[in-house]
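Take a look at the structure set out below.
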Amino acid sequence: MVEVRVRPAVPGDGPAIGRAHVEAWQTGYAGLMPSAFLHGLDAVERGGAWEQRLIAHQRSANANTNDDPEFLVAELDQYGVVAIATIGPERDDRPDRAISGEVWMINVAPGAWGRGVGSVLLQAAVDRLKQRGCSRPVLWVLESNTRARAFYEHNGWTFDGASKSEHLGGRELCELRYAYTPTSPTRDPLGTA
Ligand SMILES: CC(C)(COP(=O)(O)OP(=O)(O)OC[C@H]1O[C@@H](n2cnc3c(N)ncnc32)[C@H](O)[C@@H]1OP(=O)(O)O)[C@@H](O)C(=O)NCCC(=O)NCCS
């Protein structure tokens, strides 16, 4: 049985987050984004950027509000940090939204896929958004990202009808908005219930 632990990201996690982030993109978006763009992603560079972001986030900790992003990592057994999720307010300013909340990104290192890490981390992200007062979290996913869409649909998310075109990795791609609308009790991804 795998043990997944979720906690807020802290300075020092940057390099592992950078690796998980870049590997997840290079594997998960193969065929969906231009390969030159994906191969150009540098885990060390991305890890350094993450580290700077986490240091700045920690420095401003006392001033944090619901408008700020939060970073959650998942650790798996002895492997350490294998996944990152970012949550924050909705990035699209919708006038009809109540207290908004969005899962900005979720990335799991491919070596850890299919073991429940993503499901545990996603549920923790939803729980955190609800604690921030958001009753209806949303996220955006590439229309062509069938693996991620199936993953979200199995975890209580549904396409809510909104779509947009985004310039990603040098290509115009269609993104769909999903909302968290569980119709049944949340499943236990690790089968521990
Ligand atoms: C999409 C993504 C986050 C899913 O992460 P993951 O850790 O593989 O997700 P899980 O393991 O929780 O679930 C995936 C599948 O693994 C299987 N699985 C889950 N728990 C399991 C367990 N304990 N034992 C065996 N298999 C399990 C299930 O088949 C599950 O499929 P289901 O959702 O249809 O039931 C990951 O593939 C990823 O990072 N992709 C690239 C980046 C990306 O697309 N991010 C989303 C952008 S919007």
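The values are calculated or read from the model by the stated rules, or taken from the named source; none is laboratory data. Just so it is clear, the structure is predicted and the values come from calculations on it, not from any experiment. Using ideal geometry, Cβ is built from the backbone for each residue, glycine included, and neighbour counts are taken over all protein chains shown.
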Answer yes or no as to whether Val103 is in a helix (DSSP H, G or I), at pLDDT 95 or above and within 23 Å of Ala9 (Cα to Cα).
no
I'm told Arg115 meets every condition in (1) in a strand (DSSP E or B); (2) in contact (Cβ under 8 Å) with a residue 60 or more places away in the chain except one. Can you identify the failing condition by its number?
(1)
Can you find a residue in the stretch 47-62 that is surrounded by fewer than 21 Cβ atoms within 10 Å (Cβ to Cβ), touching a strand residue (DSSP E or B) at 6+ places or on another chain (Cβ under 7 Å) and not in a helix (DSSP H, G or I)?
no
I'm trying to understand the selection: among the residues of the stretch 165-192, which are in contact with a helix residue (DSSP H, G or I) (Cβ under 6 Å, 6 or more places away or on another chain) and at pLDDT 75 or above?
Gly169, Gly170, Tyr178, Tyr180
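Check whether at least one residue in the stretch 88-104 is surrounded by 17 or more Cβ atoms within 10 Å (Cβ to Cβ), of a type in the set (A, V, I, L, M, F, W, C), out of contact with any Pro (no Cβ under 7 Å at 6 or more places or on another chain) and at negative phi, and report yes or no.
We begin by selecting, within the stretch 88-104, every residue surrounded by 17 or more Cβ atoms within 10 Å (Cβ to Cβ); these are 88-90, 100-104.
Now drop any that are not of a type in the set (A, V, I, L, M, F, W, C), which leaves 103-104.
Cutting the leftovers down to out of contact with any Pro (no Cβ under 7 Å at 6 or more places or on another chain) gives us none.
The answer is no; no qualifying residue exists.
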Residues that are surrounded by fewer than 21 Cβ atoms within 10 Å (Cβ to Cβ) and within 8 Å of the ligand (Cβ to nearest atom), drawn from the stretch 121-140
Trp140
Show the residue pairs that are 6+ apart or on different chains and have beta-carbon atoms under 6 Å apart, the first residue being within the stretch 41-70 and closer than 14 Å to Thr86 by Cα, the second being part of a helix (DSSP H, G or I) and among the β-branched types (Val, Ile, Thr).
Trp50/Ile17
For the stretch 1-46: of the residues being within 16 Å of the ligand (Cβ to nearest atom) and among the acidic types (Asp, Glu), which is surrounded by the fewest Cβ atoms within 10 Å (Cβ to Cβ)?
Glu3
For the condition loosely packed, with under 15 Cβ neighbours inside 10 Å and either hydrophobic (A, V, I, L, M, F, W, C) or modelled with pLDDT of 95 or more (or both), what is the one hit in Gly118, Gly111, Gly156?
Gly111
Long-range neighbours under 7 Å by Cβ, at least six apart or interchain, first residue without any contact (Cβ under 8 Å) to a residue 12 or more places away in the chain within the stretch 133-162, second among the charged types (D, E, K, R) and within 7 Å of the ligand (Cβ to nearest atom):
none
